[in-house]
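Values in this text are rule-based calculations from the coordinates and carry no lab data. As the structure is a computational prediction, the values presented were derived from the model and not from experiment. Ideal geometry is used to build each Cβ from the backbone, glycine not excepted, and the neighbour counts take in all protein chains shown.
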Amino acid sequence: MNRSLLSMAIAPLLLSCAVSAAQPRDTPAAAADAALPYRLKVVAEGLEFPWSLAFLPDGRMLVTERPGRLRIVAADGALSPPVTGVPPVFAQRQGGLLDVVLDPAFEQNRWVYLSYAEPDGAGLAGTAVARGKLVGNALEAVEVIYRQVPKSEGGLHFGSRLAFAPDGTLFITQGDRYLHKDLAQTLDNDFGKTVRIHPDGSIPTNNPFVKTPGARPEIWSYGHRNMQGAAIHPVTGALWTHEHGAMGGDEVNLDQAGRNYGWPVITWGINYDGQPIGIGSEKAGMEQPLTYWKPSIAPSGMAFYTADKFPGWRGNLFVGSMKFGYLNRIELDGTRVINEQPLLKELDARIRCVRQGPDGFLYVTTDSPTGAVLRLEPPRR
């Protein structure tokens, strides 16, 4: 980023990833503009491309760094050494260590789930999910519970976000791996698919294609491009996802069982060379997005806000924009978008992840070699 307020705020104090971070503190942007509807605090810094975060019951958090490290962040922002037991990752281009979520019964079973780009040792890679029990600063009893089929070449379009459904099953979003976009329309592979599994990796018997000859039984929905956002609606329990378009056509979808979301047959975007993609923007039997962006905002991260720290934001959907460097606040009427407000533009920072914390505040990560975890709090009045 070009001498953004964030970089100016933290550059003099940047710490190596092995050293403790400073106490949480206001950014200059939050201090300088009393009209902002939030106050922004730096919680942790010195993280290399922080991709996702998850909150531990004791007030600490787990943060993934895309090159392959998992960190524990203390309440004062101190970073642990890398957590041991993390599987090897394919850390090229968009690949690496991606999402992290806790098991719904974490306090009893200690399971932590990681999505990542998994290498095969011969230059190919694919999205995978592993789980391990968090014991001290280590993951133990680590097991891979899901592997995208097949692995392929290249370092683009891995997805991937994880979301536990109310029934305890685990959704995994993935990309089409870029070079194989047409396979997003066929059911004999996992490219461009949301999949649904049990936490141990077994397949739910009520998945939509379990009895379809030749189909991968883990598939939940198909026809996606590159999904880097997923969240469970707090009222309906439905899965919402978003995905990157090409030039234009980033979209938010109500991700339903067995549905075809169109890529690359239909899209609201065009190719990077200016040529059209597919047959247009609509086709019978293919789903339309709840909303889409032209031009693309490069979305990443997604969270519904349900707490009381920002009463006017309850029920809103939040999505990070990496292209334009803001956090998008989306007001909804059911599934209809009625207003959007860009937040954090004063930072000029790529927003990679957004989560609601157990304290009711919003947390984001910034996508850079010297990334940070930031917290949005109500402004002082």
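Between residue 205 and residue 335, the modelled labels are 2.9 nm apart [label points 7 Å from Cα along Cα→Cβ].
Positive contributions from Lys and Arg (+1) and negative ones from Asp and Glu (-1), summed over other residues with Cβ under 12 Å from the Cβ of residue 53, come out at +3. Summing charges over neighbours of residue 163, with a neighbour being any other residue whose Cβ is under 11 Å away from its Cβ, gives 0 when K and R count +1 and D and E count -1. In region 234-353, Cα pairs under 8 Å separated by at least six residues give a relative contact order of 20 percent.
Computed over the chain, the alpha-carbon pair-distance distribution with 10 angstrom bins reads 5, 25, 35, 25, 9, 1, 0, each value a whole percent. Kindly identify region 174-246 as rounded, prolate or oblate by the Cα gyration tensor criterion: order the square roots of the eigenvalues as a ≥ b ≥ c, call it rounded if a/c is under 1.5, otherwise compare a/b with b/c, prolate if a/b is larger, else oblate. Oblate, since a/c reaches 1.5 and b/c is not below a/b. Restricting attention to the chain, close to 95% of DSSP beta bridges with both partner residues there are antiparallel. Rounded to the nearest 20, the size of the Cβ-charge dipole of region 67-211 about its Cα centre is 160 debye, with Lys and Arg at +1 and Asp and Glu at -1. For region 218-343, the fraction of C-alpha pairs more than 18 angstrom apart is 51%.
Restricting the GluC sites (Glu not before Pro) of region 222-309 to loop positions (DSSP other than H, G, I, E, B) with no more than 12 neighbouring Cβ atoms within 10 Å leaves 282. Placing unit charges on each Cβ (+1 for Lys and Arg, -1 for Asp and Glu) gives region 35-193 a dipole about its Cα centre, and among 156, 114, 35 the Cα reaching farthest toward its positive end belongs to 35. Charged neighbours of residue 268, selected by a Cβ distance under 9 Å, balance to -1 (K, R count +1; D, E count -1). Work out the charge dipole of the chain with +1 on the Cβ of Lys and Arg and -1 on the Cβ of Asp and Glu about the Cα centre, then indicate which of 344, 47, 222 is farthest towards its positive end. Positive-most Cα among the choices belongs to 344. Taking a straight Cα-Cα cut-off under 26 Å and skipping sequence neighbours fewer than 8 places away in the same chain, the lysines within cross-link reach of residue 181 are 151, 193, 211, 283, 294, 323.
3J(HN,Hα) along region 56-64, derived from phi through the Karplus expression 6.51 cos²θ - 1.76 cosθ + 1.60 where θ = phi - 60°, amounts to 7, x, 8, x, 7, 9, 9, 10, 8 Hz, with x in place of Gly and Pro.
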